[in-house]
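Asks: My questions will all concern the structure given below.
The values are calculated or read from the model by the stated rules, or taken from the named source; none is laboratory data. No experiment lies behind these values; they were computed from the predicted model shown. Every residue, glycine as well, gets a Cβ built from its backbone with ideal geometry; the counts of neighbours run over all protein chains shown. Accessible surface areas use protein heavy atoms only, side chains included; no ligands, DNA or RNA. Shrake-Rupley method; radii C 1.70, N 1.55, O 1.52, S 1.80 Å.
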Amino acid sequence: SGEITGVIGLLDISKPRGNVLLDELESLFSTRFPEVEIRRYIKPTFAKPCPPDLRLKIRDECSVLVEALAD
């Protein structure tokens, strides 16, 4: 079993059902790694790049980021 420390960021890029995937991942990570903090983020739209302020916030707050690409 691997060890994960720090903060896991979950980024919803605002595509339909991306939140469903991230909800499941959050549940799995919380169960498997209870000592790790999970933070959720949402891009305003999937049609444009992530705003610079959000990118910097994620970079500063997270050790790892998972981005949901779903439809």
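Asks: Taking segment 32-71 as the region of interest, how many residues are out of contact with any Phe, Trp or Tyr (no Cβ under 8 Å at 6 or more places or on another chain) and within 14 Å of Thr5 (Cα to Cα)?
Replies: 11
Asks: What are the pairs with Cβ atoms under 8 angstrom where one residue, in segment 43-71, is in contact (Cβ under 8 Å) with a residue 12 or more places away in the chain and the other, located anywhere, is open to solvent by 100 Å² or more (accessible area, probe 1.4 Å)? Sequence gap at least six, or different chains.
Replies: Ala70/Arg17; Asp71/Arg17
Asks: Which one is least open to solvent (accessible area, probe 1.4 Å) among residues in segment 28-52 that are of a type in the set (A, V, I, L, M) and in a loop (DSSP other than H, G, I, E, B)?
Replies: Residues of segment 28-52 that are of a type in the set (A, V, I, L, M), as a first pass: 28, 36, 38, 42, 47.
Retained after the next criterion (residues that are in a loop (DSSP other than H, G, I, E, B)): 36, 47.
Values: Val36: 15, Ala47: 80 Å².
Within segment 28-52, the match that is least open to solvent (accessible area, probe 1.4 Å) is Val36.
Asks: Taking segment 44-61 on its own, how many of its residues are at pLDDT below 95 and in contact with a Pro (Cβ under 8 Å, 6 or more places away or on another chain)? Spell out how you get there, then give the answer.
Replies: Residues of segment 44-61 at pLDDT below 95: 44-50.
Of the ones still in play, those that are also in contact with a Pro (Cβ under 8 Å, 6 or more places away or on another chain) are 44.
Selection size over segment 44-61: 1.
Asks: Of the residues Leu25, Leu11, which is in contact (Cβ under 8 Å) with a residue 12 or more places away in the chain, open to solvent by less than 70 Å² (accessible area, probe 1.4 Å) and in contact with a Phe, Trp or Tyr (Cβ under 9 Å, 6 or more places away or on another chain)? Break it down into steps so the answer makes sense when it comes.
Replies: Working: Leu25 fails: in contact with a Phe, Trp or Tyr (Cβ under 9 Å, 6 or more places away or on another chain).
Answer to the selection: Leu11.
Asks: Right, Arg40: of a type in the set (D, E, K, R) and modelled with pLDDT of 95 or more or not? Let's see the steps before the verdict.
Replies: Details: of a type in the set (D, E, K, R): yes; modelled with pLDDT of 95 or more: yes.
Yes, satisfied.
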